[in-house]
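**Q** Got a structure for you, questions after.
The values are calculated or read from the model by the stated rules, or taken from the named source; none is laboratory data. Not measured: the values here are computed from a predicted model. All Cβ positions, even for glycine, are placed from backbone atoms using ideal geometry, and neighbour counts span all protein chains on display.
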Amino acid sequence: MGQKHVYSYDPESARLDVILANAIGHISDMDYDHVAGNLYWTDTERQTVEVLSMDTRERAVLMRDLGNEVPIALTLVPEEK
């Protein structure tokens, strides 16, 4: 199997950009926080919850090594500051 990627698509310009291209397992859920501009996802293969800043493209693991628990879904409730 080839390398996994996550893309961003702009329908106005028809531009397709790779936003994630390394260390991706099986993404089971993904959500976008439009207030903070962050993309969150759960990866059942790597057993992580991760975040990517769409502005800076910095990526961070928020949760990992949850024992017998595997994150499969998430829900965001963005709040205006």
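**Q** Can you tell me which residue within segment 43-70, out of those that are of a type in the set (S, T, N, Q), under 17 Å from residue 4 (Cβ atoms) and out of contact with any His (no Cβ under 9 Å at 6 or more places or on another chain), is surrounded by the fewest Cβ atoms within 10 Å (Cβ to Cβ)?
**A** Looking at residues that are of a type in the set (S, T, N, Q), under 17 Å from residue 4 (Cβ atoms) and out of contact with any His (no Cβ under 9 Å at 6 or more places or on another chain), I get 47.
**Q** Please verify whether residue 1 is out of contact with any Gly (no Cβ under 8 Å at 6 or more places or on another chain), at pLDDT below 95 and farther than 24 Å from residue 77 by Cα, treating the condition exactly as stated.
**A** Judged against the criteria, residue 1 is a match.
**Q** Considering only segment 13-30, I want to know if a residue exists there that is within 19 Å of residue 80 (Cβ to Cβ) and hydrophobic (A, V, I, L, M, F, W, C).
**A** no
**Q** Would you pick out the residues in segment 19-78 that are without any contact (Cβ under 8 Å) to a residue 24 or more places away in the chain, assigned to a strand (DSSP E or B) and among the small types (Gly, Ala, Ser)?
**A** 53, 60
**Q** Among 19, 27, which is exposed (fewer than 15 other Cβ atoms within 10 Å of the Cβ) and within 12 Å of the chain's Cα centre (by Cα)?
**A** Residue meeting the stated conditions: 19.
**Q** With of a type in the set (Asp, Glu) and at pLDDT below 90 as the only criterion, which of 65, 17, 33, 43 stands out?
**A** 65
**Q** Another question, then. Looking only at segment 71-81, filter to residues that are of a type outside the set (Gly, Ala, Ser) and under 16 Å from residue 25 (Cα atoms); which one of those is surrounded by the most Cβ atoms within 10 Å (Cβ to Cβ)?
**A** Across segment 71-81, the extreme among qualifying residues is 71.
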